[in-house]
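Participant: Sending over a structure as structure tokens; questions will come in a sec.
The values are calculated or read from the model by the stated rules, or taken from the named source; none is laboratory data. Keep in mind the model is a prediction, meaning the values are calculated, not measured. Here the Cβ positions follow ideal geometry from the backbone for every residue, glycine too, while neighbour counts run over all protein chains shown. All accessible areas refer to the heavy atoms of the entire protein, side chains included, with ligands and DNA or RNA removed. Shrake-Rupley method; radii C 1.70, N 1.55, O 1.52, S 1.80 Å.
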Amino acid sequence: MAGVAALFASPALPFPSTSTSSSSSSSCSCRFRPAVACAPRHPPAPRRVIRRFDEVEGASKKRRGVIGGGGGGDSLASSTRKDKGLAVDFKESQVADFEDLEEDKFLNAVVKVYCTHIRPDYGLPWQKQRQHSSTGSAFMIGDGKLLTNAHCVEHDTQVKVKRRGDDKKYVAKVLARGTECDLALLSVENEEFWRGTEPLQLGRLPCLQDSVTVVGYPLGGDTISVTKGVVSRIEVTPYAHGTSDLLGVQIDAAINAGNSGGPAFNEQGECIGVAFQVFRSDEAENIGYVIPTTVVSHFLNDYHKNGKYTGFPCLGVLLQKLENPALRESLKVPSSEGILVRRVEPTAPASSVLRKGDVITSFDGISVGCEGTVPFRSTERIAFRYLTSQKYAGDVAQLGIIREGNFMKVQTILHPRKHLVPFNVEGGQPSYLIVAGLVFTPLTEPFIEEECEDTLGLKLLAKARYSLSTFEGEQIVIVSQVLASEVNIGYEHMGNQQVMKLNGTLIKNIHHLAHLVDTCQDKFLTFEFEDDFLVVLDREEAVAASSDIQKEHAIPSVRSSDLSEPYVDTNHEVQNQGEDFGDSPVTNFELGVDCMLWA
């Protein structure tokens, strides 16, 4: 990640977790890491197989084992470019001979990215952490735009770019940021920056053993760097930054911190993707990953169509493979095809047409195998998730299913998943509400990473890992800490507990909680927490004490700006999360068995 370093691990998978930001003290032997030169962040929550570790340029030599992968790019401009550069000519190669790489003008399209980041402080949500800087790579795609990795410009406050052989930096603006696919679109308004340049051209998805050249600005020098290798694998791959599963190209060319956002070329000089992460293991070497042009095109077309990034949709179902003949026979599945639905996300549109026990046999007419794979190119197969990732938000998919031995076809709309505990905070700043020194905030993955799971408790972590949203806008609201005051005597040591009710009303989200506090006319504010812990405050005393607590702790406001908007009631019935939660992992990263997957 450009500006922040984060580690992810999953205890459910055979990779041990880490609890420190130093790789030398980490017990994990295998890591997915996107790389930019940047400063280390707080320790991770052991949730995913994927790990990201960023470094500060110049300081990386002092930190052994801290590595990152990144880089790769997309090109949209060509002789047939239309509609703001979103049409691509895949036929004509950009250069006749790719052997003499140094003489090719399109290398000038690769630029160095300088980013300054300020990450929110999730423990003190009204302020931010110290700023730090990072470097990465980007490349020109025409129409005054550049493409880079999302983790290169995460929580950015200033982005600058510098051309090859130039000593001047130009200010860039982030137009769109795709967290799932780890891509970001930049613009540079200064016409001088574009003078004499030539945008890159997208190529087709490569084949195995095709030669690949990665270009970027990794650590170890200030000039452009070129490394070569071959394509060793193409499959649906976990993305470290976005914690999602999308198509990825595995290569053996060296990728290092700072390569993030730079393009990867084929022998014809076409850009075939964006190098963005590496895999580190004591038992593996030279495993880097490139975001292919299919994912890049989806990101750019999404931005062109909607004016913003909307995300990659999914079905929102937990699936089980149907390899066992007895299992297929019991479900009345006549052939060795189809995949079993074990759980449907309540907020997914598919919940209205799919049931637990259904067998999905086809997706838009494409047969789904019993291992959860679909045909890919002429002689290959790929994970079922690949088909859903080719769709756009709002698209309709036709499913062939077997239900109780009867074959039928159903249709469903596809939307991006919205997790009960989100992986990223919208707007970059967490919501918070302070009532008599009690700091309320929604539970998020960045908060878990920052606080460390040891301080959260197993029950709250289990909810974060296994619970699904039952309605749009649902949140787990917790007290992160108590700012000691006379009004909250006896409660000052509580923290990281979920609040369930206020004066008997089940809480839907933090905005709902703020609304309940504002409209309360009772003498007491009675908060009911997890495990029946009770907090009772005199309402008038709580209101009077708020200004003193705010002044003493130099807090600009007792609530975040988003909570100042009028509350709109969703009229959804809230289930008591303290009584029960799901029994299935929320993402593929927590699955302990290979026969289950989310799609």
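Participant: Heavy atoms only, probe 1.4 Å: what % of the accessible area of region 327-379 goes to carbon and sulfur, would you let me know?
Facilitator: Working: 1190 of 2510 Å².
About 47 percent, which is the carbon plus sulfur part of the accessible surface.
Participant: So how much accessible area does Trp598 have, in Å² to the nearest 10, using a 1.4 Å probe?
Facilitator: 10
Participant: State the Cα centre-to-centre distance between region 404-468 and region 139-192 in whole Å.
Facilitator: Their Cα centres are 30 Å away from one another.
Participant: Per residue, how much accessible area does region 380-517 show when a 1.4 Å probe rolls over the protein heavy atoms, in square angstrom? If you can, show how the numbers build up before the last one.
Facilitator: Values: 5210 Å² over 138 residues.
Ligands and nucleic acids excluded, the figure is 38 Å² per residue.
Participant: Now for a different question. Just subtract the alpha-carbon distance of Thr379 and Thr519 from 0.36 nm times their residue separation and send over the number in nm, one decimal. Show your work: numbers first, answer last.
Facilitator: On the way: separation 140, 0.36 × 140 = 50.40 nm, distance 6.37 nm.
Gain on stretching Thr379 to Thr519: 44.0 nm.
Participant: Could you work out what % of the accessible surface of region 191-300 is carbon and sulfur, using a 1.4 angstrom probe and leaving DNA, RNA and ligands out of the count? Please report the intermediate quantities before stating the final value.
Facilitator: Values: 1540 of 3800 Å².
The C+S portion of the solvent-accessible surface of region 191-300 is 41 percent.
Participant: Related question: Calculate, for Val171 and Asp395, the FRET efficiency according to 1/(1 + (r/R0)^6) with r their C-beta to C-beta distance and R0 45 Å; round to the nearest 0.05.
Facilitator: Details: r = 37 Å, r/R0 = 0.81.
Approximately 0.80, to the nearest 0.05.
Participant: Further question: At R0 = 35 Å, how high is the FRET efficiency between Val543 and Ser351 if r is their beta carbon distance? Nearest 0.05 is fine. Write out the running numbers ahead of the final one.
Facilitator: Details: r = 42 Å, r/R0 = 1.19.
After rounding, the FRET efficiency stands at 0.25.
Participant: Given a Förster radius of 51 Å and the C-beta distance between Ala284 and Asp569 as r, what FRET efficiency does 1/(1 + (r/R0)^6) yield to the nearest 0.05? Write down the numbers at each step before the final one.
Facilitator: Working: r = 53 Å, r/R0 = 1.03.
After rounding to 0.05, the efficiency reads 0.45.
Participant: Taking the Cβ of Ser335 as the centre, find all other residues whose Cβ is under 14 Å away and add up their charges (Lys, Arg: +1; Asp, Glu: -1).
Facilitator: Numbers: positive: Arg328, Lys332; negative: Glu323, Glu329, Glu337, Glu371.
Neighbour charge sum, excluding Ser335 itself: -2.
Participant: Given labels modelled 7 Å from the Cα in the Cβ direction, how far is it in nm from Val226 to Glu472?
Facilitator: 5.2
Participant: Oh, and also: In a shell of Cβ-Cβ distance under 14 Å around Arg539, excluding Arg539 itself, what net charge do Lys and Arg (+1) and Asp and Glu (-1) give?
Facilitator: On the way: positive: Lys523; negative: Asp518, Asp522, Asp538, Glu540, Glu541.
Result for the neighbourhood of Arg539: -4.
Participant: Heads up, I need the accessible area for Val558: 1.4 angstrom probe, whole protein in place, Å², nearest 10.
Facilitator: 40
Participant: Near Asp156, within a Cβ-to-Cβ distance under 11 Å, what is the net charge of the other residues, with Lys and Arg +1 and Asp and Glu -1? Don't jump to the answer; show the numbers that get you there.
Facilitator: Working: positive: Arg119, Lys160, Lys173, Arg177; negative: Glu154.
Net of charged neighbours comes to +3.
Participant: How much length is gained on full extension from Ile366 to Asn306, taking 0.36 nm per residue of separation minus their Cα-Cα distance? Display every interim value, and only then the final one.
Facilitator: Details: separation 60, 0.36 × 60 = 21.60 nm, distance 2.77 nm.
Full extension of this stretch gives 18.8 nm more.
Participant: Cross-chain or 8 or more residues apart, Cα under 19 Å: how many lysine pairs in region 119-225 fit that? Count them up, please.
Facilitator: Lysine pairs meeting both conditions in region 119-225 amount to 9.
Participant: Something else about it: I'd like the distance separating the alpha-carbon centroids of region 519-569 and region 286-349, in whole Å.
Facilitator: Centre-to-centre (Cα) distance: 42 Å.
Participant: Quick one: accessible area per residue over region 239-326, 1.4 Å probe, rounded to a whole number of Å²? Intermediate results must be reported in sequence, preceding the final value.
Facilitator: On the way: 2490 Å² over 88 residues.
So region 239-326 comes to 28 Å² accessible per residue, rounded to a whole number.
Participant: Could you work out what % of the accessible surface of region 462-536 is carbon and sulfur, using a 1.4 angstrom probe and leaving DNA, RNA and ligands out of the count? Intermediate values should be presented prior to the final figure.
Facilitator: On the way: 1520 of 3170 Å².
Carbon with sulfur: 48 percent of the solvent-accessible area.
Participant: Now, a different point. Quote to one decimal, in nm, the extra length available between Asp532 and Glu198 on full extension: 0.36 nm per residue of separation minus the C-alpha distance between them. The partial results should precede the final answer.
Facilitator: On the way: separation 334, 0.36 × 334 = 120.24 nm, distance 6.48 nm.
Taking 0.36 nm per residue and subtracting the Cα distance, the gain is 113.8 nm.
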